[in-house]
1. Debye sum, Cα scatterers, the chain, no solvent: what log₁₀ I/I(0) at q = 0.08 1/Å?
2. Determine, for each peptide in 92-99, 113-120, the mean count of other beta carbons within 10 angstrom over its residues, then list the peptides with the highest first.
3. Explain nothing, just compute: Karplus ³J(HN,Hα) = 6.51 cos²θ - 1.76 cosθ + 1.60, θ = phi - 60°, for every residue of region 151-164 in order, whole Hz, x for Gly and Pro.
4. Cα-Cα pairs above 16 Å in region 14-122: how many percent?
5. Would you please put 80-88, 126-134 in order of how densely packed they are, using the mean number of other Cβ atoms within 10 angstrom per residue and starting with the highest?
6. So what is the accessible area of the chain per residue, in Å², with the probe set to 1.4 Å?
7. Check which residues have an amide H placed less than 5 Å from Cys59's amide H, if you skip close sequence neighbours.
8. Each residue of region 287-303 in order: what ³J(HN,Hα) in whole Hz does its phi give by Karplus 6.51 cos²θ - 1.76 cosθ + 1.60, θ = phi - 60°, with x for Gly and Pro?
Amino acid sequence: MLLKRESCNVTGSVKDRTAAGLLRDLHAREPLRPGTVVVESTSGNLGVALAHLLGKLDCRLIAVVDPKIPQSTLRSLHASGANTHMVTEPDGRGGYLLNRLEAVARICRENPGYRWTDQYGNPANPLIHQQTTGPEIVAQAGPGLDAIYVAVSTGGTLAGISGYVRPLGRPIRLVAVDAAASLTTSSQVDPRAPIAAGARLIPGIGASRPSSFLHPRAVDGVIAVADSRAIAMCRILLEDTGIDVGGSSGAVVSACVDELAGTEPPRLSVCLAADGGGVYGETLYEDDWLIQVDAMDEVKRTIGELRADGLAFRRTP
C-alpha cells in the first residue's frame, strides 16, 4: 500500500490543487483584480488554500464554515487574512453543508460584486485533478498500480483522477471512500434509495447531498467507513509508522486494508492522503475530545479488534 501524502503541498492538503484550479477558472472568466472578494463554503482545507492564494493577489476570502472545523484551521484562516462566517444550524442531513450553501448564496445576493468559486459544481474542480493528481499517481506508482482509494466529499478529486485514468485503458480499480452517514455517493449505490444521512464527526469526507461530479462510470466501488474506524486507523498508523494523517485519510486506509484482507486483494494500491494529522491534534488525536463527542469507547474497542486481527503497519525504505 502506497500513501500519496498531499500534506506536502504548500498549505498542507490536496485542496491546494483545487484552489488553484478554481481561481484559475474564476480569473479566466473575469480577472481577479486587487480587492476582489471571493466567497466559498468549506470544511477547512480549501478555505486555507484559497486564502493563501488570494492573499498573493491582494484579494480576500470569506470562508463559510461550521462548528466541525478544527480550531487550528480556523486560526490559519484568520492568519491568512480571511474572514469567516460561521453557520451553526445543522441542515438535518448530518452536517451543515446545505445551510452553508444557503449562506453563500445570501452573502453573494447582498454583495453583487462578490464571487463564488463553487467547489461543488464548478468543472474546474475535477479538471485540475485530471491534469495533476491523476498523472502523478500513475507515474509515481508505476506499471503495477491496480487500485486507487480516494475520500469523497464534493467528489471532484476522484472524478478528476478517474478522468485521467479511464482513457488509459488500464485495469485500475477506482474506489470512492465515503463516510458511513453521508450522501455523497448515494447515487452510486442506489439512486432510488431514500435520503438517510446521519451525524458525522470528521471534516473533509462525506456530505449532506450527492456529488455533482461522480457518475457510475467514474467509480468501480464505494466503501463507507464509520468515524470510529477511521479515527482508530489514524491512531494505529501513527503508532506504527510515525505518519500522522487526517480523518478522511484514516477512512481511505481503512477501506484499502479491508480489501487487502479480502478474497481478491489489490497487488499495488495507492491511498490518497488528503491532509496530515497536525491540524487534528485537538480532535482526532485528543482523548478528551473523543470523550466529549462520546466516541472514545468505540475507538478504543475498534483499535483492540484491529490489533487482535493482526493489523500492523510497517514502513518500507
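The values are calculated or read from the model by the stated rules, or taken from the named source; none is laboratory data. Just so it is clear, the structure is predicted and the values come from calculations on it, not from any experiment. In this analysis, Cβ positions are derived from the backbone assuming ideal geometry, glycine residues included, and neighbour counts consider all displayed protein chains. Only protein heavy atoms, including side chains, enter the accessible area calculation; ligands, DNA and RNA are left aside. Shrake-Rupley method; radii C 1.70, N 1.55, O 1.52, S 1.80 Å.
1. -0.34
2. Values: 92-99: 20.9, 113-120: 19.0.
In decreasing order of mean packing, 92-99, 113-120 become 92-99, 113-120.
3. With the stated coefficients, region 151-164 comes to 6, 10, 9, 6, x, x, 4, 5, 4, x, 4, 4, x, 8 Hz.
4. Numbers: 3191 of 5886 pairs.
I get 54 percent for the Cα pairs in region 14-122 exceeding 16 Å.
5. Numbers: 80-88: 16.2, 126-134: 21.9.
Per-residue mean Cβ counts within 10 Å order the peptides as 126-134, 80-88.
6. Values: 13920 Å² over 317 residues.
With the other protein chains kept in place, the chain gives 44 Å² per residue.
7. So Cys59 has HN proximity to Gly35.
8. 4, 4, 5, 4, 5, 4, 9, 6, 10, 4, 4, 5, 5, 4, 4, 5, 4
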